[in-house]
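Undergrad: For reference, the structure I am asking about is given below.
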Amino acid sequence: MAKQEITDHNSIVLLVDSFYAKARKDELIGPIFNEVIGDHWDDHLPTMYKFWGDILLNKNDYEGNPMFIHKQLNARIPLQPVHFERWKKLFVETVRELFEGDKAELAEQRAVSIATVMQLKISGYH
């Protein structure tokens with residue numbers, strides 16, 4: 001498949017769905033996603049479309065507090081630096097496989113930045 005630019009909602013859906021398909025199968029972080037989200041992917045994925053649509057397309061559709069949600073997750077399943085590193089690796093890998101251009105670069109930068117800040121604020125690891 002030829003790489004494309006991130007330009008619209010369909011691009012966001014492709015990015016999010018492709019990333020989570022990888023993450024759910026991953027031996028390290030897959031069990032965390034599958035335990036926490038379980039059978040509720042139909043609820044989770046549209047939330048992630050809105051989140052990344054806001055970040056990459058300035059949609060202003062996302063209403064939520066990802067830091068609070070991930071702090072709750074950390075209380076249930078302690079997150080370690082290796083979890084954040086794997087998340088970043090898989091996300092950036094997914095972007096690079098599917099996309100090119102300024103928005104793709106922005107997606108990579110924001111993903112790494114968000115994961116790094118969450119890691120510091122949630123688990124206190126650097």
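The values are calculated or read from the model by the stated rules, or taken from the named source; none is laboratory data. Given the structure is predicted, the values throughout are model-derived calculations rather than measurements. Note: ideal-geometry Cβ built from the backbone for every residue, glycine included; neighbour counts use all protein chains shown. These accessible areas exclude ligands, DNA and RNA; they are computed on the full protein's heavy atoms, side chains included. Shrake-Rupley method; radii C 1.70, N 1.55, O 1.52, S 1.80 Å.
Undergrad: In bins 5 Å wide, starting from 0, what share of all Cα pairs of the range 73-126 does each bin hold, as a percent?
TA: 4, 20, 27, 21, 13, 10, 5, 1
Undergrad: Taking Cα atoms, how many degrees apart are the long axis of helix 41-57 and the longest axis of the chain, rounded to 10 and kept between 0 and 90?
TA: That helix lies at roughly 60 degrees to the long axis.
Undergrad: With just the Cα atoms defining each centre, how far is the range 37-60 from the range 73-95? Give it in Å.
TA: That distance is 17 Å.
Undergrad: Let me ask another. Name the residue, out of ASP42, ASP26, ASP17, whose mean-square fluctuation peaks in a Gaussian network model built on the chain with Cα pairs under 10 Å.
TA: Highest fluctuation among the options: ASP42.
Undergrad: Same structure, new question: List the GluC sites (Glu not before Pro) in the range 1-89 that DSSP assigns to loop (not H, G, I, E or B) and whose Cβ has at most 11 other Cβ atoms within 10 Å. Which are they?
TA: Within the range 1-89, the qualifying GluC sites (Glu not before Pro) (loop, at most 11 other Cβ atoms within 10 Å) are GLU27, GLU63.
Undergrad: Across the range 80-97, in residue order, what do the Karplus-derived ³J(HN,Hα) couplings come to in whole Hz, using 6.51 cos²θ - 1.76 cosθ + 1.60 with θ = phi - 60° and x for Gly and Pro?
TA: For the range 80-97, the Karplus curve yields 10, x, 4, 5, 5, 4, 5, 4, 4, 4, 5, 5, 4, 4, 5, 4, 5, 6 Hz.
Undergrad: Which of the following values of semi-axes √(5λ) of the Cα gyration tensor in Å was calculated from the structure shown: (i) 23, 19, 14; (ii) 29, 13, 13; (iii) 23, 15, 15?
TA: Label of the calculated value: (iii).
Undergrad: Also, I was wondering about something else. Specify the angular offset, from 0 to 90 degrees and rounded to the nearest 10, of the alpha carbon long axis of helix 9-25 from the longest principal axis of the alpha carbons in the chain.
TA: Around 40 degrees separate the two axes.
Undergrad: Suppose all protein chains stay in the model; what accessible area per residue would a 1.4 Å probe give for the range 50-126, in Å²?
TA: Counting only protein heavy atoms, the per-residue value for the range 50-126 is 59 Å².
Undergrad: Taking the Cα centre of the chain as the origin, how large is its charge dipole in debye, to the nearest 20, when only Lys and Arg (+1) and Asp and Glu (-1) carry charge on their Cβ atoms? The partial results should precede the final answer.
TA: Numbers: 15 positive and 19 negative charges, 92 e Å.
Computed charge dipole of the chain: roughly 440 debye.
Undergrad: Next up: Divide by every residue of the chain the summed helix terms, -39500 (n - 2.57) for each DSSP H run of at least 4, and state the resulting mean residue ellipticity at 222 nm, rounded to the nearest 500 deg cm²/dmol.
TA: -23000 deg cm²/dmol
Undergrad: Normalised by the number of residues in the chain, what is the relative contact order in percent for Cα pairs under 8 Å and 6+ residues apart?
TA: Reported relative contact order: 37 percent.
Undergrad: Moving to a separate point now. Keeping every protein chain present and rolling a 1.4 Å probe, give me the accessible area per residue for the range 4-48 in Å². Provide the component values of the computation, followed by the final result.
TA: Details: 2490 Å² over 45 residues.
Per-residue accessible area for the range 4-48 comes out at 55 Å².
Undergrad: Still on this model: Taking all protein chains in place and a 1.4 Å probe, what share, in percent, of the accessible surface of the range 1-118 do carbon and sulfur account for?
TA: Whole-percent figure for carbon plus sulfur exposure: 51.
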